[in-house]
Amino acid sequence: MRILSIQSHVAYGYAGNSAAVFPLQRLGHDVYPVLTVTFSNHTGYGAVRGPLIAPDDVREVINGVEDRGAFPTIDAVLSGYQGAEAIGEVVLDAVARVKSANPAAVYCCDPVMGDVGRGFFVRPGIPEYMRDSVVPAADLATPNQFELEFLTGRPLSTVADVVAAAEQLHRMGPATVLVTSVLTTDTPDGEIQMVCSSPEGRWLVSTPLLPMTVRGGGDVTRRSSSRIPSPMDLGWHSRAPPRRCTRSSPRPTKPASRRWRSSRSRTR
């Protein structure tokens, strides 16, 4: 696949394109990274140095990629951290132009806004812009649990709540929703989960919750999932393939024609 990745860049650590490009290349994809910011480090560290890249400059880089005749060959557009609403407008314009050149292309939006325990870490107005303008244009959205709560305006206490919120997000636009960092009353002790919902069904993935804080881990997971037309091609990688099974308990209320499935993979 050829992927236009419009995201942040950090010099110290791994986040945005700094976290996503190499894993995608290792998966065999061609990546065209376009930077929206060049920061010294992830904003989670607190103090940050470096510039937001002007929207017109971001647009010029994208225009240059188009000049090379690449748009008809691009299979997916990715977006992540957006420092200003104007960057979002550049992203949406790029998505429209890529899809005009290749109608089969998909748009994967990681609505980076905040996280549990940290709250929002983007400028005021960005969360609302992501909710009202960017996410509805996406084919695939990859919010964490905190972001999904904001996007849908509902608290998420159980897996059933997460599934219902994913259904609500479908109605806003994205056909596939991948929810990361899921911790609910249903989550087993010592584990952390992801939920995927698509027209093909729903999947729950549980992995060990390690005693460490990792910046950029979500970027790698979400970008690896961006190439999927189907949730079973999500890029979960473990020593054994994920096992699909019927989830017996707790079971969320099932809308008509929906199936609840779960997959569990453990890292050894």
Residues whose placed amide H lies under 5 Å from that of ARG202, excluding near-sequence neighbours:
ARG259, ARG261
Integer Hz, Karplus 6.51/-1.76/1.60 couplings in order for segment 187-202, x for Gly and Pro:
6, x, 4, x, 10, 9, 10, 10, 10, 10, 10, 8, x, 8, x, 10
Residues SER157, SER133 arranged by fewest to most Cβ contacts within 10 Å
SER157, SER133
The set of residues whose placed amide H lies less than 5 Å from the amide H of TYR107, leaving out same-chain residues fewer than 5 positions away, is VAL77, ASP139, LEU140
For TYR12, TYR129, what ranking results if the residue with the fewest other Cβ atoms within 10 Å of its Cβ goes first?
TYR12, TYR129
Where q = 0.10, 0.19, 0.20 Å⁻¹, what log10 of I(q)/I(0) comes from the Debye formula for segment 78-212, counting one point per Cα?
-0.33, -1.08, -1.17
What fraction of the DSSP beta bridges in segment 1-146 is antiparallel, stated in percent and rounded to the nearest 5?
15
Just the ratio, please: alpha-carbon radius of gyration of segment 3-71 over 2.2 N^0.38 Å, N its number of residues.
1.18
Under 5 Å between amide hydrogens, which residues at least 5 positions from VAL31 or on another chain qualify, with H placed 1.01 Å from N in the peptide plane?
ILE3
Distant alpha-carbon pairs in segment 51-152 (separation over 25 angstrom), percent:
21
Put +1 on the Cβ of every Lys and Arg and -1 on every Asp and Glu Cβ in segment 13-120; which of SER40, VAL95, TYR81 then has its Cα farthest towards the positive end of the dipole?
SER40
How would THR176, THR43 line up from fewest to most surrounding beta-carbon atoms within 10 angstrom?
THR43, THR176
Rounded, prolate or oblate (a/c below 1.5 giving rounded, otherwise prolate when a/b exceeds b/c) for segment 77-125 by Cα gyration tensor:
oblate
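Every number in this text was worked out from the coordinates using simple rules, so none of it is lab data. This structure is a prediction, so every number in the text was calculated from the model and none was measured. Ideal geometry is used to build each Cβ from the backbone, glycine not excepted, and the neighbour counts take in all protein chains shown.
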